[in-house]
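Below you'll find the structure, written out as structure tokens, and then a few comments.
The values are calculated or read from the model by the stated rules, or taken from the named source; none is laboratory data. All values reported here derive from a predicted model rather than from experimental measurement. Every residue, glycine among them, receives a Cβ derived from its backbone with ideal geometry; neighbour counts consider all protein chains shown. Quick note on the areas: whole protein, heavy atoms, side chains included, nothing else; ligands and nucleic acids left out. Shrake-Rupley method; radii C 1.70, N 1.55, O 1.52, S 1.80 Å.
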Amino acid sequence: MKVIACYSNKGGVGKTATAVNLAYALSTAGVRTLLCDLDPQGAAGFYYRLKPSKSLSNSRFFEDTKRLSNAIRASDFSNLDILPANKSYREFDVLLSKMCTDHSPLGRALDRIEFDYEVVVLDCPPNLSVMSEDIFQTADAIVVPVIPTTLSQRTLRQLVKFFKNNDLSIEKLHCFFSMVQVSKTLHRDTMEQMRNTYGQRFLTTQIPFTTDVERMGMHRAPVMVSARNSPASQAYLALCEEVVSRVFKT
Ligand SMILES: Nc1ncnc2c1ncn2[C@@H]1O[C@H](COP(=O)(O)OP(=O)(O)OP(=O)(O)O)[C@@H](O)[C@H]1O
Ligand SMILES: [Mg+2]
């Protein structure tokens with residue numbers, strides 16, 4: 001089982017939109033997929049019309065295998081299950097810092113379902129915290145959406161520095177440009193600069209800015225379902241293929 005985290009230390013960059021569509025694209029390719037929402041906002045579950053998982057509060061996520069399995073819901077699509085989040089997940093950092101363990105609690109929790117799925121997609125909250133460190137340890141690949149602007153450039157620098165300072169594998173980072181508006185000079189220039197700086201760490205695929213993605217909230221479905229022919233849907237499919245080719249190569 002491979003774990004793919006949709007992560008950024010910056011908020012509002014397209015992590016959830018990516019997790020929701022990447023999980024859907026994997027499932028349509030016949031890959032048994034679990035979308036695991038780690039963000040107390042619970043947006044990933046919302047997009048799939050699911051209620052928060054009340055029974056999975058506090059440390060139960062990490063310690064209670066049975067409740068974790070029972071909290072997993074089937075989606076409306078074959079090969080795709082969802083583990084919705086709930087508000088108590090905002091306590092994860094406190095819980096994890098109290099857990100005196102050398103092992104990754106998130107990794108151990110996911111190990112318990114490793115024969116049920118080929119891929120787990122994590123929708124991560126936007127911060128650089130104890131939980132994020134566990135995500136970095138656990139994930140085989142960390143897919144990082146980057147809006148091509150100055151602040152995003154700065155945030156990615158901080159993330160790469162964190163990886164270097166903590167001996168984490170930079171190779172796990174697979175960045176891509178999100179919400180791209182090629183008509184903007186700032187976007188074009190920033191993308192060129194960042195591709196020169198980070199080389200292979202950037203995927204070729206970029207996701208265009210389009211209201212089709214914003215409308216996912218109205219349709220409560222991946223854009224790949226609600227607007228199949230949207231440029232964003234085509235781009236998410238290409239992103240999925242690129243991520244799969246990198247993740248299953250290792
Ligand atoms: N390609 C896109 N084009 C237009 N709007 C987009 C696109 N991707 C995401 N959005 C919109 O931007 C907002 C933030 O997206 P999303 O929730 O996926 O980001 P996030 O990184 O998960 O945010 P958070 O840090 O709050 O979890 C949402 O309103 C979403 O609809
Ligand atoms: Mg999100």
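Quick notes on this one:
- From the list Phe136, Phe177, the lone residue that is modelled with pLDDT of 95 or more and over 18 Å from Gln206 (Cα atoms) is Phe136.
- Scan of region 203-231 for residues that are under 17 Å from the mean Cα position of the chain (by Cα) and either near ligand 1 (Cβ under 10 Å from one of its atoms) or not hydroxyl-bearing (Ser, Thr, Tyr) (or both), ordered by number: Leu203, Gln206, Ile207, Val213, Met216, Ala221, Pro222, Val223, Met224
- Number of the exception - Gln41 against (1) within 24 Å of Arg215 (Cα to Cα); (2) in contact with a Leu (Cβ under 8 Å, 6 or more places away or on another chain); (3) surrounded by fewer than 20 Cβ atoms within 10 Å (Cβ to Cβ); (4) not aromatic (Phe, Trp, Tyr): (2)
- Any hit, region 63-72, residues being open to solvent by 10 Å² or more (accessible area, probe 1.4 Å), in a loop (DSSP other than H, G, I, E, B), away from ligand 1 (no atom under 16 Å from the Cβ) and more than 30 Å from Ser226 (Cβ to Cβ): yes
- Residues within region 75-104 that are within 17 Å of Leu56 (Cα to Cα), open to solvent by 10 Å² or more (accessible area, probe 1.4 Å) and away from ligand 1 (no atom under 16 Å from the Cβ), tallied: 6
- Any hit, region 219-237, residues being surrounded by fewer than 18 Cβ atoms within 10 Å (Cβ to Cβ) and either modelled with pLDDT under 95 or within 16 Å of ligand 2 (Cβ to nearest atom) (or both): yes
- Residue satisfying condition, being at pLDDT 95 or above and out of contact with any Pro (no Cβ under 9 Å at 6 or more places or on another chain), within set Asp81, Asp64, Asp93: Asp81
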